[in-house]
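*Asks:* Quick one: the structure is below, questions incoming.
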Amino acid sequence: MLLAGKKVVVVGGSSGIGLSTAEMAKREGADVIIASRNVERLDKAADALNAIAIPADVTSDDSVTKLFRSCGPVDHVVVTAAQLRSGPFKTVTMEDVRGTMEGKFWGAWRVAKHAEIRAGGSLTLVSGFLSVRPRPNSAIVSAANGALESLSRALALELAPVRVNCVSPGIIDTPIRAAMPEEARREMLAKAAASLPVGRVGVGEDIARQILSFMANGFATGATVYIDGGALVI
């Protein structure tokens with residue numbers, strides 16, 4: 001199996017892309033640790049996976065420090081955690097934009113700083129294609145995504161021989177969209193699917209496959225891969 005005997009930590013692993021990554025890593029033989037601030041959801045996911053659950057809040061230095069003190073040395077770390085708050089540029093509050101950077105960018109920074117990754121292991125960050133395909137009312141998310149992609153390239157040098165890469169998803173049907181009214185969600189996803197060359201939106205497993213590829217490919221570092229169904233070519 002691809003990850004037999006490897007210890008994999010997925011920060012944000014209780015749902016969405018993170019959960020899909022944890023499930024796939026487990027199937028490939030990894031010892032999986034999932035971390036999230038939502039304890040109820042975390043425990044449920046860990047039970048289903050037969051994985052270790054460690055509550056952690058990426059906006060807290062102490063929480064991230066304790067997480068990796070508990071984990072000890074690991075082989076691969078993935079950061080999918082994000083707490084996004086956006087809105088029209090002129091009216092979105094500074095509290096919201098700071099919160100987005102804390103949850104998405106500084107959270108990944110904290111994880112990279114405190115994780116003890118074995119030589120030859122990997123750190124994979126997850127950004128989003130708004131970094132290169134912005135849209136109205138999401139400037140802070142675009143900025144956070146772009147910063148993550150730059151950070152991954154810088155850390156590929158600074159953390160070597162640990163490999164650092166970034167996956168940038170397009171439109172993915174994950175539970176993060178569950179807050180939308182169901183009819184509006186379906187309409188939005190159907191419209192997006194019709195516009196893409198692949199004819200569908202993504203699912204968590206699509207991104208998880210690329211993340212596991214980064215874990216396995218010892219020649220991959222400093223790379224950002226856009227998994228977006230062809231959104232960048234239309």
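*Asks:* Out of 104, 90, which single residue is free of Cβ contacts under 8 Å to residues at least 12 places away in the same chain, more than 21 Å from residue 219 (Cβ to Cβ) and open to solvent by 10 Å² or more (accessible area, probe 1.4 Å)?
*Replies:* On the way: 104 fails: free of Cβ contacts under 8 Å to residues at least 12 places away in the same chain.
None of the others qualify; the one that does is 90.
*Asks:* All but one of (1) open to solvent by 80 Å² or more (accessible area, probe 1.4 Å); (2) touching an Asp or Glu at 6+ places or on another chain (Cβ under 7 Å) hold for residue 98, so report the exception by its number.
*Replies:* Exception for residue 98: condition (2).
*Asks:* List every residue pair whose Cβ atoms lie under 6 Å apart, where the two residues are 6 or more positions apart in sequence or sit on different chains, the first residue falls within the range 182-210 and is farther than 21 Å from residue 165 by Cβ and of a type in the set (D, E, K, R), and the second residue, located anywhere, is open to solvent by less than 80 Å² (accessible area, probe 1.4 Å) and at pLDDT below 95.
*Replies:* 185/177; 200/193
*Asks:* To continue, here is another question. Can you name the condition, by its number, that residue 88 falls short on among (1) at pLDDT 95 or above; (2) in a loop (DSSP other than H, G, I, E, B)?
*Replies:* Every listed condition holds for residue 88 apart from (1).
*Asks:* Hey, another quick one. Can you tell which of 61, 75, 31 is farther than 21 Å from residue 210 by Cβ, among the charged types (D, E, K, R), surrounded by 15 or more Cβ atoms within 10 Å (Cβ to Cβ) and modelled with pLDDT of 95 or more?
*Replies:* On the way: 61 fails: surrounded by 15 or more Cβ atoms within 10 Å (Cβ to Cβ); 75 fails: farther than 21 Å from residue 210 by Cβ.
Exactly one of 61, 75, 31 is farther than 21 Å from residue 210 by Cβ, among the charged types (D, E, K, R), surrounded by 15 or more Cβ atoms within 10 Å (Cβ to Cβ) and modelled with pLDDT of 95 or more, namely 31.
*Asks:* Might you check whether a residue that is on the phi > 0 side of the Ramachandran plot and of a type in the set (Gly, Ala, Ser) occurs anywhere in the range 69-78?
*Replies:* Taking every residue of the range 69-78 in turn, at least one turns out to be on the phi > 0 side of the Ramachandran plot and of a type in the set (Gly, Ala, Ser).
The values are calculated or read from the model by the stated rules, or taken from the named source; none is laboratory data. Keep in mind the model is a prediction, meaning the values are calculated, not measured. Here Cβ is always computed from backbone atoms with ideal geometry, including for glycine, and neighbour counts include all displayed protein chains. Side chains are part of the model used for accessible areas, which takes the heavy atoms of the whole protein and leaves out ligands, DNA and RNA. Shrake-Rupley method; radii C 1.70, N 1.55, O 1.52, S 1.80 Å.
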